[in-house]
Amino acid sequence: QVQLVESGGGWVQAGGSLTLSCTASGRTFSSYAMGWFRQTPGKEREFVARVSRSGGNTYYADSVKGRFTIARTNAKNTVYLQMTSLKPEDTAVYYCAADRSVLPGRDPETYDFWGQGTQVTVSS
């Protein structure tokens with residue numbers, strides 16, 4: 001069992017930046033690929049970014065490529081999502097998730113553990 005806790009959400013003006021953190025419990029953090037997803041009311045959970053177990057491989061949704069950066073520090077059991085040039089359409093609840101699979105999945109159904117989410121609001 002892995003417990004994930006996100007932090008760092010908040011309110012920011014368009015063009016601004018925020019960095020989200022997600023800290024995992026347990027000693028097996030490096031056994032999981034980690035992903036960030038987001039969700040707005042009435043919509044399905046959307047893939048944002050994924051980082052491999054070692055941190056050497058990253059994947060991004062086209063909508064955030066070039067603006068967001070995912071990274072992890074296994075020694076601290078933490079994965080980060082650095083968000084820059086934020087737009088109002090980035091407003092959502094952001095979730096981190098852990099995936100046992102090594103395949104670069106973007107489907108939330110393939111992820112095994114989820115955090116509780118953190119709200120990001122970008123005003124125009």
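Of the solvent-accessible surface of the chain, computed with a 1.4 Å probe over protein heavy atoms with every protein chain present, carbon and sulfur atoms account for 48 percent.
Hand me the trypsin sites (Lys or Arg not before Pro) from region 1-77 located in a DSSP loop with no more than 14 other Cβ atoms within 10 Å, in residue order please.
Qualifying residues, ordered by number: Arg27, Lys43, Lys65.
When all protein chains stay in place and ligands, DNA and RNA are ignored, the 1.4 Å accessible-area order of Asp62, Asp99, largest first, is Asp62, Asp99.
When Rg and the Kirkwood Rh are both derived from Cα coordinates, the Rg/Rh ratio for region 56-100 amounts to 0.97. Once C-alpha pairs closer than 8 Å and six or more residues apart are averaged by separation and normalised to the residue number of the chain, the relative contact order reads 36 percent. Put simply, the amide H of Phe113, placed in the peptide plane, has neighbours under 5 Å in Ala98, leaving out anything fewer than 5 places away on its chain.
Roughly how much of Ser21 is accessible, in Å² to the nearest 10, using a 1.4 Å probe? The accessible area comes out at roughly 30 Å². A convex hull fitted to the Cα coordinates of the chain yields 92 cubic angstrom per residue.
Here the relative contact order of region 71-124, from alpha carbon pairs under 8 Å that lie six or more residues apart, stands at 40 percent. What is the sum of charges, Lys and Arg at +1 and Asp and Glu at -1, for the other residues whose Cβ falls under 15 Å from the Cβ of Asp90? Result for the neighbourhood of Asp90: +3. Counting heavy atoms of the protein chains only and a 1.4 Å probe, report the per residue accessible area for the chain as a whole number of Å². I get 51 Å² per residue for this part.
The values are calculated or read from the model by the stated rules, or taken from the named source; none is laboratory data. Since the structure is predicted, the reported quantities are computational estimates derived from the model, not experimental observations. Quick reminder, even Gly has a Cβ in these numbers, built from the backbone with ideal geometry, and neighbours come from all protein chains shown. Accessible surface areas use protein heavy atoms only, side chains included; no ligands, DNA or RNA. Shrake-Rupley method; radii C 1.70, N 1.55, O 1.52, S 1.80 Å.
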